[in-house]
1. Given the conditions (1) acidic (Asp, Glu); (2) under 16 Å from residue 399 (Cβ atoms); (3) in contact with a Ser or Thr (Cβ under 9 Å, 6 or more places away or on another chain), which single one is not true for residue 349?
2. Does at least one position in region 647-656 carry a residue that is in a strand (DSSP E or B), assigned by TED's automatic domain parsing to the domain that holds residue 61 and among the aromatic types (Phe, Trp, Tyr)?
3. Do we find that residue 146 is surrounded by 16 or more Cβ atoms within 10 Å (Cβ to Cβ), modelled with pLDDT of 95 or more and not aliphatic (A, V, I, L, M) in this structure?
4. Scanning for something in the same structural domain as residue 573 (by TED's automatic domain parsing), polar (S, T, N, Q) and either farther than 30 Å from residue 380 by Cβ or buried (at least 18 other Cβ atoms within 10 Å of the Cβ) (or both), does region 38-49 turn up at least one residue?
5. For region 301-358, which strands (runs of 3 or more DSSP E) that fit wholly inside it have 2 or more residues that are surrounded by 12 or more Cβ atoms within 10 Å (Cβ to Cβ), in contact with a strand residue (DSSP E or B) (Cβ under 8 Å, 6 or more places away or on another chain) and in contact (Cβ under 8 Å) with a residue 60 or more places away in the chain?
6. Among the listed residues 680, 685, which satisfies the condition of being among the aliphatic types (A, V, I, L, M), more than 22 Å from residue 579 (Cβ to Cβ) and surrounded by fewer than 20 Cβ atoms within 10 Å (Cβ to Cβ)?
7. Scan region 359-374 residue by residue and report those that are outside any loop (DSSP other than H, G, I, E, B) and surrounded by fewer than 15 Cβ atoms within 10 Å (Cβ to Cβ).
8. Quick check: is even one residue across region 495-514 of a type outside the set (Val, Ile, Thr) and touching a His at 6+ places or on another chain (Cβ under 7 Å)?
Amino acid sequence: MSSFPIAPGRPHEITQHGQTRIDNYYWMRDKNDPETMKHLRAESDYLEEVMQHTKPLQESLFSEMKARIKEDDSTVPEKRGGYFYYERGEQGKQYPIFCRRKDSLEAAEEILLDQNQLAEGKSFCSVGAFSISPDGMKLIYSVDYGGREIYTLYIKDLGSGRLYPEVIENTFGSAYERGGAEWANDNETIFYVTLDDAQRSDKLFRHKLGTDPAQDTLVFHEKDETYFLYVFKTRDDAYIMTFHYSTNTREMNFLSADHPEERMRVLQPRIKGLEYFAAHHNGKFFIVHNENAENFKLSVAPVESPQKKNWREVIPHRADVLVDGVDTFEDFIVVTERKGGLKQLRISDADGLGNVRYIQFPEPAYNVHLHSNPEFKTNLLRLHYSSLITPNSTVDYHVDGGEWELKKEDEIPSGYDKTQYASERIHATASDGTLVPMSIVYKKGLKRDGNNPALMYGYGSYGATIDAAFSSTRLSLLDRGFVFAIGHIRGGSDMGREWYEGGRMMNKKNTFTDFIACAEHLIKEGFTSPQKLAIMGGSAGGLLVGACVTMRPDLFKAVICKVPFVDVVTTMNDPTIPLTTLEYDQWGNPEEKEYYDYMLSYSPYDNIRATEYPHMLITTGLNDPRVAYWEPAKFAAKLRELKTNDNLIVLYTNYDSGHAGASGRYDFLKEVAQDYAFLIDKLVIES
């Protein structure tokens, strides 16, 4: 076996607040430096070599996971206008095919977009915007071929199948949810958002079909570098809305979708610390906001005078319930809430007050969210539901009578019996006495003797919650005796806004100590032991596991850091990196010494020391705009330099992708199979 790659040290001095830090691997930031790519390729060769003995296991895992996918399958059709829209997959094909049928489900299928054709000859392909014109005759879609989250927008005539000549570059899109462009009601006008040099979505343009995009009208320029700009259309097709997002302040503007030439009006001018989001209904805006309401509340205001002074309370603030969002329909509204760590859906009459009821869910812990529900006039609410043991399900909830109609539960062709598995909701006690919820799942018959391999997952940032959702790939671990656990740690909003505030800025270390407490609880209760426990997290969850492993390297046997944000201080000092300025209110601005010192005290890269570390698999995408490849690469190099044992440190680089990893469904499974093979090899085979 060849020796592991040694990254040459080039001392780089960084002086700030009178302190000097030496970064031996700062040079890796330069992708054009031949040594950078040489080193990444050496890391890849080393990974290939040391994981070679797991190739049969990886292939077996991939086959298992693939066998759990119904390859020829489709989503449940969703009605909009005179069409039923759905996506379907075909055996052997990596990407979805976007389709519709006119008037009825028995009508002939019309293929709107075949992503497999778009991806021909490409190693990465992500569709961002996907918006049908009100008359159903045109399609806006956008594509990213590099994983950089920079999308090119196209317009397709669905009658002829031809593309319009105009192509719009550098537009905002998302691999995580559809969005980025909207139609006005004239079927001729498009609104879209572009990116600045730091890849921040900052400009809203109006485009007239058939004209030169160079002549498009700038409708709004968000000049404040701490804000991102988004555009969407209200469900009733009445308004084009902009949403201006900063960490702790929001603003919205709107214009009539019937009169796209109008100037935008501000709903409520931004006030630092005021967060709000509005949904339109019959001349009113229902507004979720946090004025004098840490856990948010719901108010209503007329469109003619929507400013804060005219907000009338509908749902008051409650200390034990987080108001998380509002969706309006012609005859009812839905408010998404969170209580006791679980999501709730509150349905009422269209005034928000009458006939209030809550949807009852069939399990004590679950994951649920609304589908797009494009129809404004409907008595059905389509939900996406799952739990740690219940496969992903599409449900139509009958608003009038309360019936729960299961439209589809994802089929697992290779077979699955949920009664063979058990899930629990337990609590760990944090170092300050706080009870931290955990969701766990395992195969029945498990002995709590400390000998079980376990994988604990967490995130704990941005107020995001990791709910108890199903994963068919995870069965490959459970069936091999693993316990899987989610730590619902502070920094998320699981237990309300206070939970989020308790894990950000100068409270950030609570996120890490909560996760450590969860690990200790699993060990104490006999689910696993330090010799059998692995942790995994991605992005800010990579920061989580990176910080935990530098704080308590003795507690874990193996660690998987996915696209980890681990070089906190250096990154937050660089405003040219996407997301940096936006996140000063998330982590702090290192230009201020108080925040600099605090970030430096937990930044994983800056806290690596000479000690024994667990086995670690660190991953990155070369084109990642959110967490640049050099953070994981530097982290791996410094760990290897300073660790005092023979445990494995390996770096996986996807040279064709960005933050979300491989775009094709089979390529993605191969990455998961590699992760799982690493865990099984270290926690089961070598133990």
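The values are calculated or read from the model by the stated rules, or taken from the named source; none is laboratory data. Every value quoted in this text rests on a predicted model; they were computed, and no experiment measured them. With ideal geometry, Cβ positions are generated from the backbone for all residues, glycine too; neighbour counts draw on all protein chains shown.
1. (3)
2. Looking for residues that are in a strand (DSSP E or B), assigned by TED's automatic domain parsing to the domain that holds residue 61 and among the aromatic types (Phe, Trp, Tyr), one finds at least one in region 647-656, hence yes.
3. The answer is no for residue 146.
4. Yes, region 38-49 contains at least one residue that is in the same structural domain as residue 573 (by TED's automatic domain parsing), polar (S, T, N, Q) and either farther than 30 Å from residue 380 by Cβ or buried (at least 18 other Cβ atoms within 10 Å of the Cβ) (or both).
5. Result: 321-328, 332-339.
6. The match here is 685.
7. 369
8. Scanning region 495-514 turns up no residue that is of a type outside the set (Val, Ile, Thr) and touching a His at 6+ places or on another chain (Cβ under 7 Å).
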